[in-house]
Amino acid sequence: MAKKKMNFTPYILGVGALAAVGFIFKDDIKKLFKKSDETLPEPTPEITQTPAIDGGGNSGGGGGGGISMVGITPGLSGMGTPKDRLNLNQILKKGDRGQEVAKLQQILSRAAKLYKLATIAEDGVFGQGTEGKLTQIYGAPTINLFKAYAMLFAIWNAQQNNDSKNWYKKYFEPYLTDAERYRNARSFYFAKNQIL
């Protein structure tokens, strides 16, 4: 009696189809097995002074020395980087490089546009231009991304309420200590501005 040969084609096609589905939905599958941590980073309110905003000076430029992609994940813009890939509490200062700096530069450019100021290069290098723009808008040469977002939301919300002069005290400071207000400001901003 002759042995019947087994046809493996359906099995191979099935495994191939599963692999294709897994590849297509890999990010969604990862999310299923990832811990959900929706808590805000611990705010560090070391507020020093209310910054003055003026329209003077059109000095742009992020890091100096041309555009450099050193330390920036290829294929991801600063604003397109998922929140869970960024260190929101890292204090960013002159000389830093990387994805967090690119995100900061993009936040600063959005804030600068609200004041009709020149934007900066979004090259991931914290140089003279980034430091100058941060100091011009925020009033200090260093910041972390949590505060940078809070700053952007505060400036935008203050302008929506025709209260631009009070963005720091009335909006920004409460966002640092009241998680609910921060979440509401964030939701309101992103609902109206699909750019980030």
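The values are calculated or read from the model by the stated rules, or taken from the named source; none is laboratory data. Computed from a predicted model, the values in this text were never measured in an experiment. Counting neighbours? That spans all protein chains shown, and the Cβs are built from the backbone with ideal geometry, glycine included.
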Please count how many residues of the range 5-25 are surrounded by 10 or more Cβ atoms within 10 Å (Cβ to Cβ) and in a helix (DSSP H, G or I).
13
Qualifying residues in the range 96-134 (those that are of a type in the set (Ser, Thr, Tyr) and over 15 Å from Ile155 (Cα atoms)) - the one surrounded by the fewest Cβ atoms within 10 Å (Cβ to Cβ):
Thr119
Filter result (at pLDDT below 85 and touching a strand residue (DSSP E or B) at 6+ places or on another chain (Cβ under 6 Å)) within the range 66-113:
Ser68, Val70, Gly71
Looking for whichever is touching an Asp or Glu at 6+ places or on another chain (Cβ under 9 Å) and touching a residue at least 24 places away in the same chain (Cβ under 8 Å) here; the options are Ala112, Ala148, Ala102, Ala118. Which one fits?
Ala102
Of the residues Tyr171, Tyr149, Tyr189, which single one is more than 16 Å from Lys103 (Cβ to Cβ) and not charged (D, E, K, R)?
Tyr171
